[in-house]
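S.K.: Can you read through this structure? Questions will come right after.
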Amino acid sequence: MRYAITLEGELKVALNLEDKKAIVAEVSEVASGAMSLVVADYRGLDVPAMTKLRIKARENGVYLRIIRNTLARRAFKGTELECMESALVGPLVFGFAQNEPGAAARLFKDFAKENETFEVKALSVAGQYYGAEHLDAVAALPTRKEALSKLAATLMAPATKLVRTIAEPHSMLVRALEDYRKKKEGNA
């Protein structure tokens, strides 16, 4: 890789063709396996803030990457994330949720609360493009554990009701006999 300093004093990375191909291949592989993608404008963030975001991303199973929009467009070709093409404007950080559809949305939502300059631009879930206004809805999606526990509770409900229904006549008989015994003791 070559580096160049712009007139504004920014450090830019000059990528050769092989580097670009490697980046496109890597991002394309991640994009094809991602459950969702959230993109945000990261202008104004300092290095410690970005480092904190990267650490939280790793902890939550989110693949975080900053890449050029032209390379992202190429990487998204043929994947469900092709719908994001119109959102690829300006400097963006890409958060790919690997295991849970709401993981990247929760990460970016929480990070945006702490950093006013961090602005979510768009997101995609299951091949559908959504604007930033849908971030809260996607972030509210249950985690894998929550979804499994809700499913288990739903599946257990009919069996639990059946057991209660079968046990109810016996319970009623026991209560009736107990009431009769108390009534007899009260008369004696």
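The values are calculated or read from the model by the stated rules, or taken from the named source; none is laboratory data. Being a predicted model, the structure only gives us computed values, none of them experimental. Positions of Cβ are generated from backbone atoms using ideal geometry, with glycine treated the same way; all protein chains shown enter the neighbour counts. Remember, those area values only see protein heavy atoms, side chains included, never the ligands or the DNA or RNA. Shrake-Rupley method; radii C 1.70, N 1.55, O 1.52, S 1.80 Å.
S.K.: Write down Rg/Rh for the range 82-188, rounded to two decimals, with Rg from the C-alpha atoms and Rh from the Kirkwood relation over Cα pairs.
M.R.: Radius of gyration relative to Kirkwood radius: 1.47.
S.K.: Evaluate the distance, in nm, between pseudo-label points positioned 7 Å from the Cα of residue 58 and of residue 168 along their respective Cα→Cβ axes.
M.R.: A separation of 5.6 nm, rounded to one decimal place.
S.K.: Per-residue counts of other Cβ atoms within 10 Å, averaged by peptide: what ranking do you get for 43-54, 149-160, highest first?
M.R.: The most tightly packed comes first, giving 43-54, 149-160.
S.K.: I would also like to ask the following. Of 109/145; 21/77; 52/109; 113/150; 52/145, which pairs sit farther than 23 Å apart, going by alpha carbon to alpha carbon?
M.R.: Those over the limit are 113/150; 52/145.
S.K.: Compute the semi-axes of the equivalent ellipsoid of the range 51-99, taking the square root of 5 times each eigenvalue of the Cα gyration tensor, and list them largest first in whole Å.
M.R.: Rounded to whole Å, the semi-axes are 21, 13, 7.
S.K.: Using r as the Cβ-Cβ distance of residue 20 and residue 119, and R0 as 35 Å, what FRET efficiency do you calculate, to the nearest 0.05?
M.R.: The value I calculate is 0.85.
S.K.: Calculated FRET efficiency, residue 157 and residue 98, Cβ-Cβ r, R0 35 Å, to nearest 0.05?
M.R.: With R0 = 35 Å, the Cβ-Cβ based efficiency is 0.65.
S.K.: Okay, moving on. Could you report the chain's accessible area per residue, 1.4 Å probe, as an integer in Å²?
M.R.: Value for the chain: 65 Å² per residue.
S.K.: Among 16-26, 91-101, 116-126, 31-41, how do they line up by average Cβ neighbours within 10 Å per residue, starting with the highest?
M.R.: Going from most to least packed, we get 31-41, 91-101, 116-126, 16-26.
S.K.: On the accessible surface of the chain, probed at 1.4 Å, how many percent belong to carbon and sulfur atoms?
M.R.: 58
S.K.: Computed from the coordinates I sent, Cα extents along the principal axes in Å equals one of (1) 58, 33, 31; (2) 45, 39, 33; (3) 106, 34, 26. Tell me the label.
M.R.: Correct label, based on the coordinates given: (3).
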